[in-house]
1. So in region 136-149, with the set limited to residues that are more than 19 Å from the chain's Cα centre (by Cα) and more than 17 Å from residue 44 (Cβ to Cβ), which one is nearest to the ligand (Cβ to nearest atom)?
2. Return the residue satisfying two criteria in turn: it lies in region 136-154 and is of a type outside the set (Gly, Ala, Ser) and part of a loop (DSSP other than H, G, I, E, B), and of such residues it is surrounded by the fewest Cβ atoms within 10 Å (Cβ to Cβ).
3. Working only within region 9-61, note down all residues that are out of contact with any Phe, Trp or Tyr (no Cβ under 7 Å at 6 or more places or on another chain) and part of a loop (DSSP other than H, G, I, E, B).
4. Inspect region 361-371 for any residue being within 13 Å of residue 101 (Cβ to Cβ), surrounded by fewer than 21 Cβ atoms within 10 Å (Cβ to Cβ) and among the acidic types (Asp, Glu) and give the result as yes or no.
5. Pick from 161, 157, 200: which is within 12 Å of the ligand (Cβ to nearest atom) and assigned to a helix (DSSP H, G or I)?
6. Pairs under 6 Å by beta carbon, first residue farther than 12 Å from residue 74 by Cα and of a type outside the set (Val, Ile, Thr) in region 341-354, partner in a helix (DSSP H, G or I) and near the ligand (Cβ under 9 Å from one of its atoms), six or more apart or different chains?
7. Somewhere in region 296-305, is a residue under 19 Å from residue 395 (Cα atoms), without any contact (Cβ under 8 Å) to a residue 60 or more places away in the chain and of a type in the set (A, V, I, L, M, F, W, C)?
8. If I filter region 120-135 down to residues being surrounded by fewer than 21 Cβ atoms within 10 Å (Cβ to Cβ) and among the polar types (S, T, N, Q), which single residue comes out as farthest from the ligand (Cβ to nearest atom)?
Amino acid sequence: MATDKPTRTPFDDAKDQLRKAQEILGFSDGQYEMLATPRREMAVAIPIRRDDGSTEVLHGYRVQHNFSRGPAKGGIRFAPQVDLEEVRALAMWMSWKCALLGLPYGGAKGGVTIDPSKYSQAELERVMRRYTSEILPIIGPEKDIPAPDVGTSEQHMAWMMDTYSQSVGYTVPGVCTGKPVELGGSLGRAESTSLGVFFMVKAALKKLGINMEGATGTVQGFGKVGRGAAAFMARAGIKVVAISDVYGAVRNDEGIDIEALGKHVDETGKVVGFSGATEMDPADVLLLDVDVVVPAAIESVITAANAEKVKAPIVVEGANGPTDFAGDAILVKNGKLVVPDILANSGGVLVSYYEWVQSRDNFFWDLKRVQENQEIRMMKAWKEVDEYAAKKQIPLRVAATVLSVERVLHAHQMRGLYP
Ligand code: GLU
């Protein structure tokens, strides 16, 4: 789709994906506009006191893309590149992701433009609490339920839950998910996105007839998603031969010892310098000749500039939006099997849903129940997407988007356009 902006944003990609769904489903341009336009957007200033006594004003956002199927749901990102366009794209993808998994939610996303590595823990607490109090009028267990994302953790959710609870005067665990287990979090939430990525790696390998034992893979990102995904893959016998983080990348063709690398990262903060591997150019991690690559960091890392060089037959998107629209067209042309983000990384919001249910019931599940339910629901979604893609002869991403958009549209049609 043509755009008059000088550079394309992730939101342009998200809207182009929606156009593709429109071509297949044949809904009207008015309905396209309705789905392409977030229902509500909030931009807030976040004035904070630095530890040296000075004052600084940060910028934050919360975008609620859709409510047709239920309250809005989606994470909060603390990262330097956060802007309204990025948050809009991420919010739209949350609507599709929740619908694809059959969750009773719409989609939302939030973010603060900040490089968290430059702030102390006490400063980050002030940022999170002030951001929460600024967006407080539009969040709540029945309205919009935040969760962690890039740059935020269980601790941020504990601060958010406390700030909200202090304001209303009683403890409200259901206001956000991804909380510490002691505060109403769910067992299995911390590793849920990684486990889901692993289920999709397993399903994709099986589809292409590749044995998991001895298969090879690489992972971009060693944060909440990448680290766990690499560990689950290695445990299942997949040789993870290269891993990168924001600082660099390491390689070992015999398979990296993920547990040992994790210890090294806990001690030093980065993957480089790990004695069990050699350093490599992080730009090449997704381009190695392996069976599966897992981009699990940020958006737009597979683009027209490098997609032609992707050799792996399988790409499993642990991150949100790691393949941009042009990059995706190249992967499809080259016959790659791409498990799209809204399916591949949906384990996080799925277990967030289980957490929200547990928080509201005050009845907590054991880990087995959480993970069995996660596997059943994700494999059901995989089967639906895979079968629909085969029936319509379309890529998995298009199939997943079409199935999700159809559900959101159907919910909207049943409710009707107010007034
Ligand atoms: N931030 C995660 C995602 O992008 C989880 C969202 C949630 O649990 O609400 O899917």
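1. In the first step, residues of region 136-149 are kept if they are more than 19 Å from the chain's Cα centre (by Cα); the result is 136-143.
Still in the running and more than 17 Å from residue 44 (Cβ to Cβ): 141-142.
Working: 141: 13, 142: 15 Å.
So the residue we want is 141.
2. Of region 136-154, the ones of a type outside the set (Gly, Ala, Ser) are 136-139, 141-146, 148-150, 152, 154.
Still in the running and part of a loop (DSSP other than H, G, I, E, B): 139, 141-143, 149-150, 152.
Working: 139: 23, 141: 17, 142: 11, 143: 15, 149: 24, 150: 23, 152: 26.
Within region 136-154, the match that is surrounded by the fewest Cβ atoms within 10 Å (Cβ to Cβ) is 142.
3. 9, 26, 27, 28, 37, 38, 50, 51, 52, 53, 54, listed by residue number.
4. No; the residues of region 361-371 include none that is within 13 Å of residue 101 (Cβ to Cβ), surrounded by fewer than 21 Cβ atoms within 10 Å (Cβ to Cβ) and among the acidic types (Asp, Glu).
5. Numbers: 161 fails: within 12 Å of the ligand (Cβ to nearest atom); 200 fails: within 12 Å of the ligand (Cβ to nearest atom).
The conditions single out 157.
6. Every condition considered, the pairs that remain are 345/193; 347/192; 347/193.
7. Looking through region 296-305, at least one residue is under 19 Å from residue 395 (Cα atoms), without any contact (Cβ under 8 Å) to a residue 60 or more places away in the chain and of a type in the set (A, V, I, L, M, F, W, C).
8. Among residues in region 120-135 that are surrounded by fewer than 21 Cβ atoms within 10 Å (Cβ to Cβ) and among the polar types (S, T, N, Q), the one farthest from the ligand (Cβ to nearest atom) is 120.
The values are calculated or read from the model by the stated rules, or taken from the named source; none is laboratory data. What you see is a predicted model, and the numbers here were worked out from it, not measured in a lab. Please note: Cβ atoms are built from the backbone with ideal geometry, for glycine as well, and neighbour counts cover all protein chains shown.
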